[in-house]
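Before any comments, here is the structure.
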Amino acid sequence: MRILKPSDIPATEITPREVYLKRRQFLAGMAALAAAPALSAPAPPAHGARLAGIQASRFSTSEAKTPFDAVTTYNNFYEFGTGKSDPAENAHTLKTRPWAVAVEGAVKRARVYDIDELLKLAPLEERIYRLRCVEGWSMVIPWVGFPLAALIRHVEPTGNAKFVEFVTLHDPRQMPLQRSSVLDWPYVEGLRIDEANHPLTLLAVGLYGEVLPKQNGAPLRLVVPWKYGFKSAKSIVKIHFVEKAPLTTWMKAAPNEYGFYSNVNPQVDHPRWSQAKERRIGEFFKRETLMFNGYADQVARLYRGMDLRTYF
Amino acid sequence: MRLPPTLTRRQIFWGKALAWLLCLAPLARLVLLGLNGGLGANPIEFITRSTGTWALVGLLATLSFTPLRRLTGLTWLIRFRRLFGLFSFFYACLHFTTYIWLDQFFDLAGMASDIVKRPFITIGLSAFVMLIPLAATSSQRMMKKLGRNWRRPHSLTYLTASLGVAHYWWLVKKDITQPLVYACVLAILLAMRLPACKPRKHRA
């Protein structure tokens, strides 16, 4: 082995002192870089295309709206993961065009609608609704959509149509969590026909004046503001008019915890937690939960004479 | 990397300094995320989950020292156990404070009904209460004072960890993957303490 004397190393090969000292800066920089994604706010969510010709609605609340970022990054959409930020991260695999919605069952004019046809079915309205999740948090969301009743009129239900069943897309290639058995797929929800026909019941295609983000249930979802959020099925591919109450996904998952009605009710607790209060996303103090999520004046008559503890 | 069979005082000191840094990292992360607006749309839920998780992780880490010592034969490992146990208690305190302050905002009636009616809150609170005497008797002085009797209250750790896992299991809506992981780790740690798994003391 040749041993070099200091003089054998050409001066050009010697790392200049400044560069040598920069090594520390470089290491510190690398450490900061490694820590950065974990320790800072995630990138703001992308915005979708604007929807044209939206009308205001008398059903809108004047309460402060939950910011777009919170509405589109804090979601329950188990098809894309059970964590709140999972849907925003994973829903990009969903393909919302072409999209067909089969409207069938006890109707005179059963047919398959293309999503772009549905968008022109009725004038689009902005409906600023409160949303109360069964988990105890709430938001105020400016949905864009049209009343489900408008679609129901088109298909002319027969006398046998007592309930409406809503089915979410079932395609594990687009919805990766459907490969797991955390819920029994596809996601199924249901309403009584009078609930479905109620003027508050909305088929939403957008929010904040934009095309519905995938993590919020694009391209078509239900919004039933006086019921817990999970009643409002997302990414709907089938609307089925039936005679008997459908067995919904959450009723199958935990029949003692989730009933068919699932109306927001501060007096009827979830078996494992209280429903008396809620945390409005963005607020520090919890607020009292309102009967029927504050829509009692409009919907209480639907449940007259019913024991809401039995029909939870 | 091979670990030495004995440590010098200096090595113990630096080992403990490293353990402190490790144990403070989750808190530092929460503070940094809080300053950068990275706690998400529901920061109080984030803090509650995070502090609860680290209390449980700390408890399981504490329980792993005895089996680890037996597997590796490194007796000095046990000198780091108390530090992890106390940090678990520290995160449990933060978790409890988050619940009564940030989540409930000292709503006594709400908390009382939670404790009576919600099994997951009841067992979570029991687990926390049981940690208090363990933390209080963790000092060298108390160890000397209690002598052989020291071990008895400290076997409560097994129960506390089990309650902690049950607390987590009971609060999730549907996806039990995470609590299941903790339950499995706990089951392994407890199984390693069964007489059948222990090495015989006197061998011919």
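The values are calculated or read from the model by the stated rules, or taken from the named source; none is laboratory data. Quantities reported herein were computed from a predicted structural model and do not represent experimental measurements. Glycine gets a Cβ as well: all are built from the backbone with ideal geometry, and neighbour counts include every protein chain shown. Side chains are part of the model used for accessible areas, which takes the heavy atoms of the whole protein and leaves out ligands, DNA and RNA. Shrake-Rupley method; radii C 1.70, N 1.55, O 1.52, S 1.80 Å.
Here is how the numbers come out for the structure above:
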{"read-out": "The stretch B:65-140: relative contact order in percent, alpha carbon pairs under 8 Å with at least 6 residues between", "value": "26 percent"}
{"read-out": "Summed buried accessible area for A+B [probe radius 1.4 Å, Å², rounded to 100]", "value": "2300 Å²"}
{"read-out": "Intensity falloff of the protein assembly as shown expressed as log10 I(q)/I(0), Debye formula with alpha-carbon point scatterers, at q = 0.08, 0.13 Å⁻¹", "value": "-0.65, -1.27"}
{"read-out": "Förster radius 41 Å - calculated FRET efficiency between B:Val31 and B:Thr137, Cβ distance, rounded to 0.05", "value": "0.85"}
{"read-out": "Calculated FRET efficiency for the pair B:Arg152/A:Ala43, C-beta based, R₀ 56 Å, to 0.05", "value": "0.55"}
{"read-out": "Hull shadow area, averaged, the stretch B:1-61 [alpha-carbon convex hull, nm²]", "value": "5.9 nm²"}
{"read-out": "Sum of -39500 (n - 2.57) over DSSP H runs of 4+, divided by residues of chain A (222 nm, nearest 500)", "value": "-5000 deg cm²/dmol"}
{"read-out": "Student exercise, chain B dipole from Lys, Arg, Asp, Glu Cβ charges, in Debye to nearest 20", "value": "1660 debye"}
{"read-out": "Rh (Kirkwood; distinct C-alpha pairs) - the stretch A:55-248, Å", "value": "16.7 Å"}
{"read-out": "Rotationally averaged projected area of the stretch B:51-96 (alpha carbon convex hull; nm²)", "value": "2.7 nm²"}
{"read-out": "Where a label projected 7 Å from the Cα of A:Phe285 along Cα→Cβ would reach, residues of the stretch B:110-125 with amide N under 16 Å", "value": "B:110"}
{"read-out": "Kyte-Doolittle mean at least -1.0 and Cα axial length at least 20 Å: DSSP H helices in chain B", "value": "B:9-35, B:43-72, B:81-97, B:119-136, B:156-171, B:177-191"}
{"read-out": "Exposure rank, largest accessible area first [A:Ser181, A:Ser232, B:Ser155; 1.4 Å]", "value": "A:Ser181, B:Ser155, A:Ser232"}
{"read-out": "Chain-alone versus full-assembly comparison, the stretch B:30-76, residues with accessible loss of at least 10 Å² (1.4 Å probe)", "value": "B:Leu32, B:Leu33, B:Asn36, B:Gly37, B:Gly38, B:Ala41, B:Asn42, B:Ile44, B:Glu45"}
{"read-out": "Probe 1.4 Å - accessible area at A:Ser85, Å² to nearest ten", "value": "50 Å²"}
{"read-out": "Simple spin-label estimate for B:Arg9 and A:Ala253 in nanometres, 7 Å along Cα-Cβ", "value": "5.9 nm"}
{"read-out": "For the stretch A:262-306: span of alpha carbons on each principal axis (Å, largest first)", "value": "36, 24, 12"}
{"read-out": "Those trypsin sites (Lys or Arg not before Pro) in the stretch A:236-312 that DSSP places in a loop and that have at most 14 other beta carbons within 10 Å", "value": "A:Lys244, A:Arg304, A:Arg309"}
{"read-out": "Relative contact order of chain A, defined on C-alpha pairs under 8 angstrom at six or more residues apart (%)", "value": "18 percent"}
{"read-out": "Sequence-distant aspartates and glutamates (8 or more away, or on other chains) whose Cα lies within less than 16 Å of A:Lys108", "value": "A:Glu156, A:Glu243"}
{"read-out": "B:Leu24/A:Asp269 FRET efficiency (R0 41 Å; Cβ-Cβ; nearest 0.05)", "value": "0.60"}
{"read-out": "With 5 Å bins from 0: P(r) over the stretch B:9-195, alpha-carbon pairs, percent", "value": "1, 7, 14, 19, 20, 17, 11, 7, 3, 1, 0"}
{"read-out": "Exceeding the 28 Å Cα-Cα cut-off - candidates A:Lys252/A:Lys286; A:Lys120/A:Lys244; A:Lys84/A:Lys238; A:Lys65/A:Lys227; A:Lys95/A:Lys244; A:Lys95/A:Lys120", "value": "A:Lys252/A:Lys286; A:Lys120/A:Lys244; A:Lys95/A:Lys244"}
{"read-out": "222 nm mean residue ellipticity, helices alone, for chain B (DSSP H n ≥ 4; -39,500 (n - 2.57); rounded to 500)", "value": "-23500 deg cm²/dmol"}
{"read-out": "Solvent-accessible surface (1.4 angstrom probe) belonging to B:Met142, in square angstrom, nearest 10", "value": "40 Å²"}
{"read-out": "B:Tyr168, A:Tyr74, ranked by accessible area, largest first (probe 1.4 Å)", "value": "B:Tyr168, A:Tyr74"}
{"read-out": "Sequence-separation-based contact order of chain B, relative, with Cα cut under 8 Å and 6+ spacing, percent", "value": "20 percent"}
{"read-out": "Whole-number accessible area per residue in Å² for the stretch A:55-248, which is evaluated in the context of all protein chains at 1.4 Å", "value": "36 Å²"}
{"read-out": "Nearest-10 value in Å² for the accessible area of A:Asp184, using the 1.4 Å probe", "value": "80 Å²"}
{"read-out": "Label-to-label distance, nm, for residues given as A:Arg97 and B:Lys117 (7 Å Cα→Cβ offset)", "value": "4.9 nm"}
{"read-out": "Fraction of accessible area attributable to carbon and sulfur, chain A (%, probe 1.4 Å)", "value": "57 percent"}
{"read-out": "Probe 1.4 Å, all protein chains present, accessible-area order of A:Ser57, A:Ser235, largest first", "value": "A:Ser57, A:Ser235"}
